[in-house]
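What follows is a single structure, written as structure tokens, with notes after it.
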Amino acid sequence: MTFDLTNPVFSDAEKAREYLESLHWPDGAVCPHCNLMNNTKVGGKTARPGLYMCNACRKQFTVTVGTIFEDSKIPLNKWLLAFRLINGGKKGISANEIKRHLGISYKSAWFMMHRIREAMQDDGSPLGGPGKVVESDEAIVGGFKRKRLSGKIAPKKKIVTLVERGGSARSFHITNITHKNVRHALVTSAHRSSVLMTDDARFYNNIGREFAEHHTTLHSNREFAKAGGIHSNTAENFFSIFKRGLVGTYHHMSAAHLHRYLVEFDFRYNTRKVSDAERTEEALKGARGKRLTYRQPSSLAA
Ligand SMILES: [Zn+2]
């Protein structure tokens, strides 16, 4: 579909619901409780539009049941607009901008954005495989002075990113850059049949033996790329995009939520070859079946 900002799905809650139905139920309504298509549209003047009843379990449902929108008081068209805006650029969008665009409170905007990041969470399938290259690299973010906030220095945060060359990225917030933490990220997220490429940090020596091959570059000698494609520049490129987002859009990411921002930047990286509209649809498809890690507090329900 064309998905520019004048599309009525962003201004009309009914149109938004019909669009979400077409995206999540391309073959017709599916009961979220028993996963069957055997259901009846609930008609009549008193029935909510978009209400269905499952003929198997007799429960009623709409397209938002079982999605991140389920218990939200924010109209669905505003949700779609927020999805479109966060997927519209390379650097993300701040909760303040979402607040202004949607005419909602800052707190609601902030919660919405973290829910959207849940929709962006990948399925956890392993990176790499036989003949594929997985780069692993670490970065440190934060630690600069926050002048407006009493000049205190925000604590530095450490990240490890794994990137399958030509494929997807997956990033982790780790407490410290150690053998144990980096190894855990690698062995839970990358096929051991992969070719591992890293810098010359010593803790990679042992980790590297667990993979089909391991090649290193000597970052300490500024030897960034050897002949034969031995480098971890892809992971470094990911970090440079992430750091631009941190400086340009989000300014500060608390340690408690850093993993959510990493999901967002992983998702944006993993959908880098598609249009903003296609990226938005991809994120919206992920809005179903995600385990909500927290619920919007009732104080925001109004
Ligand atoms: Zn059912």
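Things worth noting here:
- Considering only chymotrypsin sites (Phe, Trp or Tyr not before Pro) in DSSP loops that have at most 12 other Cβ atoms within 10 Å, the longest stretch of the chain without any of them is 145-293.
- Set of lysines near Lys73 by C-alpha distance (under 21 Å), chain-local residues within fewer than 8 positions excluded: Lys15, Lys99, Lys107, Lys285, Lys290
- The chain: most fluctuating residue of Asn77, Asn206, Asn96 per GNM, C-alpha cutoff 10 Å: Asn206
- Label-point separation in nm, His252 to Arg192, each point 7 Å along Cα→Cβ: 4.3 nm
- The chain: most fluctuating residue of Leu76, Leu23, Leu36 per GNM, C-alpha cutoff 10 Å: Leu36
- Per atom type, the chain shows carbon and sulfur on 52% of its accessible surface, probed at 1.4 Å.
- Length gained on full extension, Ile230 to Arg100: 42.2 nm, using 0.36 nm per residue less the C-alpha separation.
- All lysines inside 23 Å of Lys157 as judged from Cα atoms, apart from same-chain residues fewer than 8 positions distant: Lys90, Lys91, Lys145, Lys147, Lys180, Lys243
- Highest-fluctuation residue, Gly208, Gly245, Gly131 considered, GNM on the chain with Cα pairs under 10 Å: Gly131
- The chain - share of DSSP beta bridges that are antiparallel (%, nearest 5): 70 percent
- The chain shape via C-alpha gyration tensor axes, a/c threshold 1.5: prolate
The values are calculated or read from the model by the stated rules, or taken from the named source; none is laboratory data. Bear in mind that the values here come from a model prediction, so they are computed numbers and not experimental data. For neighbour counting, all protein chains shown are included, and Cβ atoms are generated from backbone atoms with ideal geometry for every residue, glycine included. Heads up: the accessible areas ignore ligands, DNA and RNA and are worked out on the full protein's heavy atoms, side chains in. Shrake-Rupley method; radii C 1.70, N 1.55, O 1.52, S 1.80 Å.
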